Amino acid sequence: GEDVEQSLFLSVREGDSSVINCTYTDSSSTYLYWYKQEPGAGLQLLTYIFSNMDMKQDQRLTVLLNKKDKHLSLRIADTQTGDSAIYFCAESNDSGGGADGLTFGKGTHLIIQP
Amino acid sequence: DVKVTQSSRYLVKRTGEKVFLECVQDMDHENMFWYRQDPGLGLRLIYFSYDVKMKEKGDIPEGYSVSREKKERFSLILESASTNQTSMYLCASRDSGELFFGEGSRLTVL
């Protein structure tokens, strides 16, 4: 089946940039997503990118997509303590009208050092 | 404000008990999903439903069943809870594009 891979942990100093990487195998992915999960809560959509784009920027967040290498990254500029969370990479191809759901990575724990 | 609501945030049950986890969405979505989340394993799909009374097995359906009698409601049922079903359960819904999640139900089976 399709697969999404990401590192389990990333530790950065407050104020530095965080870069979370993800690779996926489905070449027919339509959308790629980054979800954020704070402790004890559900997942919230942070940002997404359509597969025909290679970059999307939204305030402190920059998403880069390398479709040839099937590599997605999320950069958080000026990382703050409130960014401490688990970040999930996910993809969908929507060929089933949405019934297929999303394929998720295992999540990257972002740890902020003071 | 769009919402997926899970009725119970925390539950503690005994081995062998029947457990119902309820989920309601207010976005008129066709598709609803149940995942479980465990440390180091990420999210694993248990069951999903693409229409009322329709259901499909996900990756780990064993020990679970589901019910979708109304479009907005999708229930997860543990017929006889076991300790290995202690987990965080997440409900979600979508049409296409973004998947919307509830806040999660943390189930402990003793």
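Values in this text are rule-based calculations from the coordinates and carry no lab data. Here the structure is a predicted model, which is why all the values come from computation and not from measurement. Every residue, glycine as well, gets a Cβ built from its backbone with ideal geometry; the counts of neighbours run over all protein chains shown.
Given a cut-off of under 8 Å on Cα pairs at least six residues apart, what relative contact order in percent is computed for chain B?
With pairs under 8 Å counted, the relative contact order is 36 percent.
Pick from B:Val12, B:Val24, B:Val52: which is most flexible by mean-square fluctuation in a GNM of chain B where alpha carbon atoms under 10 Å apart are linked?
B:Val12
Need one number: the % of Cα-Cα pairs in chain A sitting beyond the 16 Å mark. Present the calculation step by step, with values, prior to reporting the outcome.
Details: 3683 of 6441 pairs.
Value for chain A: 57 percent of Cα pairs lie more than 16 Å apart.
Could you give the nm distance between label points at A:His71 and B:Asp38, where each point is 7 Å from its Cα heading toward the beta carbon?
Each label point is offset 7 Å from its Cα along the Cβ direction, giving 3.2 nm.
Distance between the C-alpha centers of segment A:5-59 and segment B:46-110? Whole Å please.
Answer, in whole Å: 24.
Taking every DSSP beta bridge that has both residues in chain B, what percent is antiparallel when rounded to the nearest 5?
On the way: 33 of 37 bridges.
Taking every DSSP beta bridge within chain B, about 90 percent pair in antiparallel fashion.
Hey, got the average number of other protein chain Cβ atoms within 10 angstrom for residues in B:34-43?
Working: counts 0, 5, 0, 8, 1, 5, 3, 2, 10, 12.
Mean number of neighbouring Cβ atoms from other chains: 5.
Could you derive backbone 3J(HN,Hα) for segment A:45-51 from the dihedral phi with the Karplus parameters 6.51, -1.76 and 1.60 (θ = phi - 60°), listing whole Hz in sequence and x where the residue is Gly or Pro?
Going residue by residue, I get 5, 8, 6, 8, 9, 6, 5 Hz, with x marking Gly and Pro.
I'd like to know which of B:Tyr47, B:Ser65, B:Thr108 lies farthest towards the positive end of the charge dipole of chain B, counting +1 on Cβ of Lys and Arg and -1 on Cβ of Asp and Glu.
After comparing all options, I get B:Thr108.
So what J values fall out for segment B:45-62 if you push phi through Karplus, 6.51 cos²θ - 1.76 cosθ + 1.60 with θ = phi - 60°, rounded to Hz, Gly and Pro as x?
Once θ is set to phi - 60°, the couplings for segment B:45-62 become 7, 8, 8, 9, 9, 10, 5, 4, 6, 9, 8, 9, 6, x, 7, 9, x, 4 Hz.
Count, for each residue of A:103-111, the Cβ atoms from other chains sitting within 10 Å of its Cβ, then give me the mean as a whole number.
Working: counts 2, 7, 2, 8, 6, 0, 1, 0, 0.
The per-residue average across the peptide is 3.
Would you list which lysines come within 23 Å of A:Lys36, measuring only between C-alpha atoms, while excluding same-chain residues fewer than 8 positions from it?
A:Lys56, A:Lys67, A:Lys70, A:Lys106, B:Lys3
Apply 1/(1 + (r/R0)^6) to the Cβ-Cβ distance of B:Lys13 and B:Glu62, taking R0 = 22 Å, and write down the FRET efficiency to the nearest 0.05. Mind dumping the intermediate values first?
Values: r = 18 Å, r/R0 = 0.82.
The computed FRET efficiency comes out at 0.75.
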